[in-house]
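The values are calculated or read from the model by the stated rules, or taken from the named source; none is laboratory data. Computed from a predicted model, the values in this text were never measured in an experiment. Note that each Cβ is placed from the backbone with ideal geometry, even for glycine, and that neighbours are counted across all protein chains shown.
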Amino acid sequence: MKQSLAARFLFRAVVLAFLVYAMLLTWWTPFTGDSFMHSVFGADHRLAFQPVLERCWWSYMHWNPRLGEFLAIFTATAGKWLFLALNPCVLLSLALMMFFLARGRRVNSGNWRDVLLFTVGALLLLTSSSRPGITMFWLSGGTNYAWSAAIWLGFLCLYRSLWAGTSRIRDTPFSWLWIGGMAFAAGMTNENQIPASLGMLFVYWFYARCRGMVLPCWFFIGWGFHALGGAFLLLAPGNAARLHSETAGGAAVLHSWGERFSAIPELVNAFYEFMPIPKILLAVAAAALILLTVEAGINVWRGKAGRRMCVSLLFILVAHAMAISFFVRVIPAWHAMFSATVLMMTGILGLYGVWMDAVRRRWLPFCVLLAAAGPALWVCSGYLDAFPRIHRQCEERKMFIRHELEQGKKNITVPPYDSVPLAPYVSVMWRMSSGDPDEFINRSVARYLGIESIRVAVPEP
């Protein structure tokens, strides 16, 4: 395959721009809300393993047993510097893994098609995943959703490379050890991800069995440890307490089957709420692939191209199932759709990869993807306008609070924020806007600061 020096340069420029952008938005997102609650009070922003482990154990037994919760406690205790250092790299790994799952291999930085597909995938991740301001750039949301999704997608990449024939993993005891550990960690990530990944592994096992393929031992070891990690999550005492609570992390608990089935349209609507660009891309890809089938015949999808298309369609189908699966128990806060939207966008990228390889007029998918990149860049520019305004107001409020603390005050009332016109589909979580000192966020902040109460001076209507 002919390599292009200009494509290599562009790929490196895109990666650098992605890291700088993610670092800026991570820095501008306030350390507030659940971030205060997750930190071990009194650790003075330093790593303190014993209280962190104690808090993680309490969370597993009483409230939230997910791996992301443990990561949130660790990073919030260390301080925002650790999150700022790691988060851009985690988000970049998400974009790279989306490409890997879509194509079955790593990005070829010298190939224009690969660079374009990766760029569009990265832009979709930054703009079309569920509530980016909450799920990627805010500490508590990033660790619980983006970091957990990265662990989960990394686990899926092991099996995607096996399906694509690009796997280099040797079937040795050392491989069994690290794959088992990674599989267990992926099983501890999120409730709606575990059935999805176990189901996809079953589909691959069934396909391999029908084709007479011999699967390596690590396939089954990873499968088993993933199920074990999922059992540790789903059967945890904290998970039972959370799911039976009427305030289960912002979720609305569903009691009857009538309520559950009537909630399905609301869940699907929440799934699609942040994906206007992917919806258009999916419609265009579906129409183009159907026309290509009519023109070239069904034989065009035999072999490698057909397998890649089936994997992409499987991702899209499973993403919808993940979104709908919440009807079993709760209607969650919409940012719980994060991993489902990422898998959905991965499936769409996979369809475009198939289209670019099969179509005669290579410029057609190029034009569609470039057109999609335009509005995504516009949304990114809106984030760059909104986040600094939020950051400035947060810094002013922190200076005000610091002054009040120096005066020895134990009950603090802070001025309200000015309204900030946010870009489309951006949300920053919980910037302390309530006048009630007993409200959850206010109590967390007061405990973190070591004072009796804090509230916002909400203006009278």
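More than 16 Å from E273 (Cβ to Cβ) and either crowded, with 18+ Cβ neighbours inside 10 Å or within 16 Å of the chain's Cα centre (by Cα) (or both): does that describe L313? No; evaluated as a whole, the condition is false for this residue. Just one of the numbered conditions (1) crowded, with 21+ Cβ neighbours inside 10 Å; (2) closer than 30 Å to F261 by Cα; (3) aromatic (F, W, Y) is not true of F327: (1). Considering (1) over 24 Å from the mean Cα position of the chain (by Cα); (2) closer than 30 Å to A252 by Cβ; (3) not polar (S, T, N, Q), the lone condition that A336 does not fulfil carries the number (1).
Identify, from the list A149, A164, the residue that is under 17 Å from L101 (Cα atoms), among the small types (G, A, S) and at pLDDT 90 or above.
Details: A164 fails: at pLDDT 90 or above.
None of the other options fit; the residue is A149.
Residue by residue, here is whether (1) under 30 Å from the mean Cα position of the chain (by Cα); (2) more than 29 Å from P132 (Cα to Cα); (3) surrounded by 13 or more Cβ atoms within 10 Å (Cβ to Cβ); (4) modelled with pLDDT of 85 or more holds:
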{"residue": "D357", "(1), (2), (3), (4)": "yes, yes, yes, yes"}
{"residue": "C367", "(1), (2), (3), (4)": "yes, no, no, yes"}
{"residue": "N411", "(1), (2), (3), (4)": "no, yes, no, yes"}
{"residue": "V426", "(1), (2), (3), (4)": "yes, no, yes, no"}
{"residue": "G435", "(1), (2), (3), (4)": "no, no, yes, no"}
{"residue": "V445", "(1), (2), (3), (4)": "yes, no, yes, no"}
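Scanning segment 178-227 for residues being polar (S, T, N, Q) and either in a helix (DSSP H, G or I) or in contact with a strand residue (DSSP E or B) (Cβ under 6 Å, 6 or more places away or on another chain) (or both) gives a total of 1.
From the list L117, L126, L82, pick out the single residue that is of a type outside the set (F, W, Y), assigned to a helix (DSSP H, G or I), out of contact with any Lys or Arg (no Cβ under 7 Å at 6 or more places or on another chain) and more than 26 Å from I316 (Cα to Cα). Spell out the reasoning first.
Details: L117 fails: more than 26 Å from I316 (Cα to Cα); L126 fails: more than 26 Å from I316 (Cα to Cα).
Criteria check complete, one pass: L82.
What residue, of L234, L158, L198, is of a type in the set (A, V, I, L, M), under 16 Å from V311 (Cβ atoms) and either in contact with a helix residue (DSSP H, G or I) (Cβ under 8 Å, 6 or more places away or on another chain) or touching a residue at least 40 places away in the same chain (Cβ under 8 Å) (or both)? Give the derivation first.
Numbers: L234 fails: under 16 Å from V311 (Cβ atoms); L198 fails: under 16 Å from V311 (Cβ atoms).
Just one listed residue meets the conditions, L158.
The residue list T341, T293 contains one member that is surrounded by fewer than 24 Cβ atoms within 10 Å (Cβ to Cβ) and polar (S, T, N, Q), which is T293.
When restricted to residues that are touching a Phe, Trp or Tyr at 6+ places or on another chain (Cβ under 6 Å) and either under 21 Å from R362 (Cα atoms) or outside any helix (DSSP H, G or I) (or both), segment 88-105 contains 1. Restricted to segment 369-409, and to residues there that are part of a helix (DSSP H, G or I) and small (G, A, S), the residue that is nearest to the chain's Cα centre (by Cα) is A376. Looking at R106, R46, just one residue is farther than 30 Å from G450 by Cα, free of Cβ contacts under 8 Å to residues at least 60 places away in the same chain and of a type outside the set (S, T, Y), and that residue is R106.
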